[in-house]
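Peer 1: I'd like to ask you about the structure that follows.
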Amino acid sequence: MATAKPLALAAKPDLYMILTSFHRPQPDIHLLLSQQIVCSLSRPLKKAYVTAVTHDRHIIFNDEKYICIKLDWWHRDSLIIILKAIHHHPEAFPDVNDMSFRVFWGIPATLDTLQIDLSAWFVRYFEHWKSRRLEYGYEPWLVVGKVFDYDEDYAKLSARIIVEFTGWKDGGGMLTGPKGTKGLETDGPLEMWEGWAPREVMGEVEKMKMEQYRLLYEILDAMDTWYRHIVHLKTSKQGSCTCSPIEDCVVVGKALITTLKSQGLIHRRHDHVAFRGSILELRRLLQPTEVKLRRALGGFGYGRCKVYDSMRKLLKDVDTILSKVRGFKYDGTVEEFNIDALCGVMMVLPWSTGQMGVVAVGVSLLLMVAITISWSVLKTLLSGACFLAKLI
């Protein structure tokens, strides 16, 4: 076995460790350690040591024979800090401003994996980073919060990941954040591995994934129900409209159907969903319809139009589903959140909620009055059946 100059952390070493990089093409790191210290603190490392002894795998260094264990490790920099700490090296604890979040969250991840109960040694780094736990790029707080037993905003973070991240169905374990967000210390997109979360959150039962599926299929069921209702209105010839302008509901409804069909959200095979966006992106597909519906409700009036009624019910049903997004704590506790509170965005465009100011409201009122007067003259002529044949 080829050797590189090792980093001696023990005064009288009797264990040789080789750290290989799990995810980067980096050279191996060779360490000289104390077998007693390492094996007394970590059951997995003790198991690796016993395996090495059992299979009589040795390495010769400086004419001495050391038992050698080899680890493929994701967080090598973090593991080295922990090894320095347990071997009583003062440089093991850098200044909080000199430790990146990537290295920091690797420490609790390593402590958790290797079953080393030394989180109290790294509390000052935890305090330094905890204020950023809900920012994009800090999703590994799922690991940090669990190891440091800090559950504030923990369920909210897990719920936000459920509605904003994509990739749950791809099978590779990699989730991608909202469009336009970037990962820390990288120019690439914001990504996270499903395995970042502890087993209590996203382990064997895959709670977060199942919650994402629940939201997705409940929304799809609401869309299917709405579309079947529109088909029923057409075939039963029960669609009547008193909209002003006439058939405006047809234009809005047809645009929504086109959007849903283009995304594979209706006319789909059972349990087959072509849509690969997030739950938040799925909700935003309804925004143009919501804006047009609010415009009809607020100014022109839609009378007793069954098409508009059905679209209003669809939006209400979807928002009811998204008002109870479940977030999970590491102790199994479940909390429910409204999607607005999770994502910090309104589900409709700002102008439709009266946030554009007094000037915009005044202009809108003037236009509303003018158009209402014009249509009042022709309303009786334009009232009648809504041409649903044009809709589907």
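Bear in mind that the values in this text are calculations on the coordinates, not laboratory data. Note that the structure is predicted; figures quoted are calculated from it, not measured. Virtual Cβ from ideal backbone geometry, glycine too; neighbours counted across all protein chains shown.
Peer 1: Would you please put 173-185, 34-46 in order of how densely packed they are, using the mean number of other Cβ atoms within 10 angstrom per residue and starting with the highest?
Peer 2: The packing order, highest mean first, is 34-46, 173-185.
Peer 1: Counting only other residues whose beta carbon sits under 9 Å from that of GLY106, what net charge do I get with K and R as +1, D and E as -1?
Peer 2: Here the count lands on +1.
Peer 1: Could you please rank LEU286, LEU256, placing first whichever residue has the fewest other Cβ atoms within 10 Å of its Cβ?
Peer 2: Listing LEU286, LEU256 from fewest to most nearby Cβ atoms yields LEU286, LEU256.
Peer 1: Tell me the net charge near GLU281. Cut-off is 12 Å between Cβ atoms, GLU281 excluded, with +1 for each Lys or Arg and -1 for each Asp or Glu.
Peer 2: +3
Peer 1: Ok, one more. For the stretch 1-116, what is the largest minus smallest coordinate of the Cα atoms on each principal axis, given in angstrom and ordered from greatest to least?
Peer 2: Dimensions of the stretch 1-116 along the principal axes of its Cα atoms: 42, 28, 27 Å.
Peer 1: Right, something else. Ranking MET311, MET223 by Cβ neighbours within 10 Å, fewest first, what do you get?
Peer 2: If I rank by nearby Cβ atoms, fewest first, I get MET223, MET311.
Peer 1: Using label points projected 7 Å from each Cα along Cα→Cβ, tell me how many nm separate ALA255 and SER131, to one decimal.
Peer 2: That separation, rounded to one decimal, is 4.4 nm.
Peer 1: Among SER119, SER323, rank each residue by its count of other Cβ atoms within 10 Å, from fewest to most, as a rough exposure measure.
Peer 2: SER323, SER119
Peer 1: Around THR181, what is the net charge, scoring Lys/Arg as +1 and Asp/Glu as -1 over all other residues with Cβ under 15 Å from its Cβ?
Peer 2: -3
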